[in-house]
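Working notes, structure below.
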Amino acid sequence: MATVQVSEAEKVYILHGIRDDLRVDGRGCEDYRHMEIETDVVSNTDGSAKVTLGHTAVLVGIKADIGKPRPLVPNEGYLEFFVDCSANATPEFEGRGGEELGTELSNTLYKVFNNKHSVDLKSLCICPGEHCWVLYVDVLLLQCDGNLYDAISIAIKAALFNTKIPRVRISTDEEGGKEIELSDDPYDCMRLNVENVPCIVTLCKVGHRHVVDATLQEKACSVASLIISVTHKGTVTCTRKVGGGSLDSESIFEMTEAGKRVGKALHAPLMNVLQQEEHLGKKKQKVGFLG
């Protein structure tokens, strides 16, 4: 994970500000930085999204391919995750520096998203036990300024919302074998229901309080963090503690309740933005280097 050096005087300044619910950039303890979301930004994918959270930028592309269902769940498709930590995001990712973080992020994303409670995996089944859709989710970290988990989860939900899977028709040949035909019509496609797809909220313990969407400077003052994935109903689907410090039971309870509150409030405006951009179609304005 990208880190920065913070002097003792800066730590005291940050700690005192958070204690009074006034962070260095003027936010409250449960406020996110300015966020920008773009969908359908990569042409050779079935779904894509770019999310900028403060100075953290994440690009997600999803490619649908036909594969074989897993033996234990023959009537479900599945997701595969790959996270690439670009050396341009931070010098610490140069060489093999980003591989360990990429693996850690991939494992967490797999636990959060690749289950029937988050995504309707049965809708990805084509022929039980024989064929299913496999969604390959590629995440590219373009710029790192803290709070990677939250930015990645929002980008994945936006990319899943944008994903268009070709309609499949199964026919039988003269010998009784099954043939799969994919529709060539770009409008004849299947869309995923992303209503239950959770968003990750990362809470960092700084002093005696906790903050949402911590910057690298605030992260340097934190003893430990709690990663919580929350659905639109406020249901917690996954929790994970990161960092070298410890958290007492009271802090965990307070951070979990705050994560549920913040996560639940995040879904409605996110879905509104995605639906508005969907209605714009080709009229929407492209910004950034992808414009």
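The values are calculated or read from the model by the stated rules, or taken from the named source; none is laboratory data. All values derive from a computational prediction rather than experimental measurement. All Cβ positions, even for glycine, are placed from backbone atoms using ideal geometry, and neighbour counts span all protein chains on display.
Structure notes:
- Residue tally, condition closer than 24 Å to R191 by Cβ and either part of a helix (DSSP H, G or I) or in contact (Cβ under 8 Å) with a residue 60 or more places away in the chain (or both), over segment 127-164: 25
Conditions (1) hydrophobic (A, V, I, L, M, F, W, C); (2) free of Cβ contacts under 8 Å to residues at least 12 places away in the same chain; (3) touching a helix residue (DSSP H, G or I) at 6+ places or on another chain (Cβ under 7 Å), marked per residue:
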site: R23; (1), (2), (3): no, no, yes
site: G26; (1), (2), (3): no, yes, no
site: Y32; (1), (2), (3): no, no, no
site: I37; (1), (2), (3): yes, no, yes
site: K68; (1), (2), (3): no, no, no
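- Subset of segment 202-236 [under 19 Å from the mean Cα position of the chain (by Cα) and either surrounded by fewer than 18 Cβ atoms within 10 Å (Cβ to Cβ) or in a loop (DSSP other than H, G, I, E, B) (or both)]: D213, A214, T215, T231, H232, K233, G234, T235, V236
- Residue check for Y149: surrounded by fewer than 21 Cβ atoms within 10 Å (Cβ to Cβ) and either in contact with a strand residue (DSSP E or B) (Cβ under 8 Å, 6 or more places away or on another chain) or more than 30 Å from I14 (Cβ to Cβ) (or both): no
- Any chance N107 is assigned to a loop (DSSP other than H, G, I, E, B) and among the polar types (S, T, N, Q): no
- Of the numbered criteria (1) farther than 30 Å from T215 by Cβ; (2) modelled with pLDDT under 90, the one E80 fails is (2).
- Selection within segment 5-16 - hydrophobic (A, V, I, L, M, F, W, C) and exposed (fewer than 14 other Cβ atoms within 10 Å of the Cβ): A9, V12
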